[in-house]
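Written below as structure tokens is the structure these notes are about.
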Amino acid sequence: MTTTTLTLNGLSCATDADPATPLLYVLRDDLKLNGAKFGCGLGQCGACTVMIGKTPVFSCLTPLSVVGARPVTTVEGLGTPDKPGIVQQAFIDEQAAQCGYCIAGMIMRAQALLLRNPSPSDTQIRRYMSPNLCRCGTHMRILRAVRRAAKMLAAA
Ligand code: FES
Ligand code: FES
């Protein structure tokens with residue numbers, strides 16, 4: 001049995017999952033973090049998006065073995081229901097969720113965008129967010145939420 005140590009949401013944790021296991025399954029099934037969702041399992045929807053370092057990744061396609069020492073951040077690492085992070089709060093303020101299935105992934109991709117570009121144009125937001133799909137069609141509200149998050153971060 002192989003034990004893998006991960007830095008997850010700022011804390012060290014260990015898993016005995018097979019190193020070939022997709023990170024998404026480790027997060028959800030082993031570590032009981034259910035924010036990242038299984039949508040397609042094929043890298044086509046973004047529901048499973050988490051950050052490794054500052055890079056958004058499809059955790060459904062990312063084997064545990066490739067994470068290494070890099071920190072993993074999931075939507076649970078950005079805030080709590082009582083104290084949401086800024087990007088989470090912006091999505092709440094804009095009521096960006098309909099069914100909500102895509103939203104954790106959307107928030108993680110938006111977080112990664114704003115880390116590398118705190119003041120993106122609408123074109124840059126649309127381009128960066130494009131790997132993540134919303135089947136409910138709330139894209140305009142998501143766009144507004146990312147714009148709002150950029151403003152909130154600038155004012156923080
Ligand atoms: S579940 Fe990973 S991209 Fe769809
Ligand atoms: S809110 Fe339902 S898939 Fe995006």
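If a residue has to be crowded, with 16+ Cβ neighbours inside 10 Å and either more than 12 Å from Asn132 (Cβ to Cβ) or near ligand 1 (Cβ under 6 Å from one of its atoms) (or both) to count, how many in the stretch 39-49 make the cut? It would help to see each step written out before you state the result.
Filtering the stretch 39-49 down to residues crowded, with 16+ Cβ neighbours inside 10 Å leaves 39, 45-49.
Right, trim to either more than 12 Å from Asn132 (Cβ to Cβ) or near ligand 1 (Cβ under 6 Å from one of its atoms) (or both) and you get 39, 45-48.
The total comes to 5.
Looking at the stretch 114-136, can you tell me whether even one residue there is within 16 Å of ligand 2 (Cβ to nearest atom), under 15 Å from the mean Cα position of the chain (by Cα) and in a helix (DSSP H, G or I)?
yes
Quick one: would you say Ala150 is at pLDDT 95 or above and closer than 22 Å to Phe38 by Cβ?
Judged against the criteria, Ala150 is not a match.
Scanning the stretch 137-156 for residues that are among the hydrophobic types (A, V, I, L, M, F, W, C) and surrounded by 13 or more Cβ atoms within 10 Å (Cβ to Cβ), which turns out farthest from ligand 2 (Cβ to nearest atom)?
Once the filter is applied, the top-ranked residue is Leu153.
Output the number of residues of the stretch 42-84 satisfying the condition of being touching a Leu at 6+ places or on another chain (Cβ under 8 Å) and either among the basic types (Lys, Arg) or on the phi > 0 side of the Ramachandran plot (or both).
Residues that pass the stated criteria total 3.
Report whether or not Ser65 is surrounded by fewer than 22 Cβ atoms within 10 Å (Cβ to Cβ), touching a Ser or Thr at 6+ places or on another chain (Cβ under 9 Å), in a strand (DSSP E or B) and not assigned by TED's automatic domain parsing to the domain that holds Leu143.
No; evaluated as a whole, the condition is false for this residue.
May I ask you to list the residues in the stretch 91-109 that are within 16 Å of ligand 1 (Cβ to nearest atom) and either in a helix (DSSP H, G or I) or modelled with pLDDT under 95 (or both)?
Ile103, Ala104, Gly105, Met106, Ile107, Met108, Arg109
Here are the criteria: (1) within 18 Å of Gly35 (Cα to Cα); (2) in contact (Cβ under 8 Å) with a residue 12 or more places away in the chain. Tell me which single one Leu115 does not satisfy.
In the conditions (1) within 18 Å of Gly35 (Cα to Cα); (2) in contact (Cβ under 8 Å) with a residue 12 or more places away in the chain, Leu115 misses (1) alone.
Does Val87 satisfy being in contact (Cβ under 8 Å) with a residue 24 or more places away in the chain, within 16 Å of ligand 2 (Cβ to nearest atom), within 27 Å of Ala150 (Cβ to Cβ) and among the aliphatic types (A, V, I, L, M)?
Taking the combined requirement at face value, the residue satisfies it.
Look at Arg127 and say whether it is of a type in the set (Lys, Arg), at pLDDT 95 or above and outside the structural domain of Leu23 (by TED's automatic domain parsing).
yes
The values are calculated or read from the model by the stated rules, or taken from the named source; none is laboratory data. None of these values were measured; they are calculated from a predicted model. Here Cβ is always computed from backbone atoms with ideal geometry, including for glycine, and neighbour counts include all displayed protein chains.
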